[in-house]
Amino acid sequence: MITPNSSTSSLRRFFRLFSVVSVLGTGLLLTAVVRGAVDGPRWLLFLALPATALALTAFGKVAESATSGLASPGLRAAGPRAFAPAVVNGVKAVNRADGRPVADGRAGNSVFVFDLTVVADDLPPYRIEVRHPLDLQGLLHKSRAVVEYDPEQPWRVVLPTNPPREWLARAQVLTPPTGEVRTPAGTFPTGSRTLAAGVAVAAVLLVLIRVLG
């Protein structure tokens, strides 16, 4: 089994922790809303309603930013290789240590983050982030790229320095996908799933309150 690099593992641990916190927080707030509406006191309802709205908005913003792409752990040393064209959704420079945006992508402690939608022949389109200290393929000023990926583990993606000419030609005429664009497995639930799980938690809590109260 291939183990992702430490930064990707830390990112995924954060995502899992955030999903648990968001579900539990949503469940507690929804429980407070129902309790305030049914049994009182009314002040609980008036406080819980705006708190629930704010929490769901915050959870949704974080979920949206996180599901925009998962950082690629790179290719396996002895794994298979394939090329594919990709849409460049955006390029930014971030601090290598904390991931915060920086003004100068050429600084020694920074890397470029390439937000890509890979459009391979035998896979549904999927979104991924690739990090590298150099502006590979000059993507700061381009909207299309060529990636090299692992067909067995498609989330392993790199940007080759000199991709084959035929793949560059394919990338230049690539049309952005109009259907669903997937994200790699392992990210935390999106807002709708968090809300559904929070409703389930609230239902369990309300039953327990009735039984024990």
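Annotations for the structure displayed:
- Calculated FRET efficiency for the pair residue 196/residue 123, C-beta based, R₀ 30 Å, to 0.05: 0.60
- Coupling constants for segment 42-58 follow from the phi torsions by the Karplus curve (6.51 cos²θ - 1.76 cosθ + 1.60, θ = phi - 60°), and in residue order they are 5, 4, 5, 5, 5, 7, 6, 4, x, 5, 5, 4, 5, 5, 5, 5, 5 Hz; glycine and proline get x.
- Long-range amide H partners of residue 90 with built H, under 5 Å: 115
- Heavy-atom surface of segment 128-168, accessible at 1.4 Å and reported per residue (Å²): 53 Å²
- Overall form of segment 76-198 per C-alpha gyration tensor (a/c, 1.5; a/b vs b/c): oblate
- In Hz, Karplus ³J(HN,Hα) per residue of segment 164-174 (6.51, -1.76, 1.60; θ = phi - 60°; x = Gly, Pro): x, 4, 5, 6, 4, 5, 5, 5, 5, 9, 5
- Amide hydrogen neighbours beyond the local backbone of residue 183, cut-off 5 Å, H modeled: 127
- Extension gain, residue 21 to residue 134: 0.36 nm times the residue separation minus the Cα-Cα distance gives 37.1 nm.
- For segment 88-95, Karplus couplings with θ = phi - 60° (6.51, -1.76, 1.60), whole Hz, Gly/Pro x: 8, 7, x, 9, 9, 9, 10, 5
- For residue 96, nonlocal amide neighbours, meaning residues 5 or more places apart or on other chains whose placed amide H falls under 5 Å from its own, are 110, 111.
The values are calculated or read from the model by the stated rules, or taken from the named source; none is laboratory data. For clarity, every value in this text was computed on a predicted model and none was experimentally measured. Please note: Cβ atoms are built from the backbone with ideal geometry, for glycine as well, and neighbour counts cover all protein chains shown. In case anyone asks, the SASA skips ligands and DNA or RNA and just uses the protein heavy atoms, side chains included. Shrake-Rupley method; radii C 1.70, N 1.55, O 1.52, S 1.80 Å.
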